[in-house]
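Trainee: Quick one: this structure, given as structure tokens, is what I'll be asking you about.
Bear in mind these aren't lab numbers, they're just calculated from the coordinates by the rules spelled out. Just so it is clear, the model here is predicted, and its values are computed rather than measured. Here the Cβ positions follow ideal geometry from the backbone for every residue, glycine too, while neighbour counts run over all protein chains shown.
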Amino acid sequence: MILTEIESRYGVLPEYLWRKYPDYAVFRHADNRKWFAVLMNPPGSKAGLPQAEAVWLLNVKVQPENLLILRGMDGVLPAYHMNKSHWASLQLALLPTATILELLDDSFQLTRKRFSQPRNFHDDLA
């Protein structure tokens with residue numbers, strides 16, 4: 001579902017960069033080559049979860065001022081293998097699709113050459 005949605009919204013196909021991790025996909029802008037999302041399924045224990053089974057995560061860039069609010073939500077983790085001050089890992093199985101897509105849109109905007117300000121999640125919760 002997420003692969004189709006990313007292609008439909010942004011015209012971007014996944015790039016599989018790591019032979020050792022053939023399911024890990026990077027999504028980036030065509031013009032500036034900046035990543036806006038990374039899809040992966042590491043063992044839950046490596047992502048800071050109690051379970052050993054693999055968990056599907058989508059790493060997205062977020063505004064630092066939104067991180068504290070987002071990390072208070074079930075299904076949002078400190079970014080796996082990314083800068084934890086600017087990225088978050090979304091557990092695809094736990095978050096509503098609408099929330100995932102909103103955060104994906106924000107990430108896409110934040111990583112563009114010129115971007116408009118994404119929504120502030122604090123305003124949504126007020």
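Trainee: Pick out the long, greasy-scoring helices in the chain: whole DSSP H runs spanning 27 Å or more along their own axis by Cα, mean Kyte-Doolittle at least 1.0.
Mentor: Passing helices, by number: none.
Trainee: For the chain, compute Rh as the Kirkwood radius over C-alpha pairs and then the Stokes-Einstein diffusion coefficient at 20 °C and 1.002 mPa s; write the answer in µm²/s, rounded to an integer.
Mentor: Diffusion coefficient, whole number: 145 µm²/s.
Trainee: For segment 22-33, in order, what is each residue's ³J(HN,Hα) by Karplus, 6.51 cos²θ - 1.76 cosθ + 1.60 with θ = phi - 60°, in whole Hz (x at glycine and Pro)?
Mentor: Each residue's phi maps through the Karplus curve to give x, 8, 7, 10, 10, 10, 9, 5, 5, 7, 10, 6 Hz.
Trainee: Calculate the dipole size of the chain relative to its Cα centre from +1 charges on Lys and Arg beta carbons and -1 charges on Asp and Glu beta carbons; express the result in debye to the nearest 20.
Mentor: 600 debye
Trainee: Ok, one more. Measuring from label point to label point, each 7 Å out along Cα→Cβ, what is the His86 to Trp18 span in nm?
Mentor: 1.9 nm
Trainee: Counting only residues 5 or more places away or on other chains, whose amide H sits under 5 Å from the amide H of Val62 once H atoms are built in the peptide plane?
Mentor: Result for Val62 returns Trp87, Ala88.
Trainee: Next question, about the same structure. Helix-only mean residue ellipticity at 222 nm, the chain, DSSP H runs n ≥ 4 weighted -39,500 (n - 2.57), per residue, nearest 500. What is it?
Mentor: -8000 deg cm²/dmol
Trainee: Related question: Report, by chain and number, residues whose modeled amide H sits under 5 Å from the one on Val55, excluding near sequence neighbours (fewer than 5 apart, same chain).
Mentor: Distant-sequence amide H within range of Val55: Gly44.
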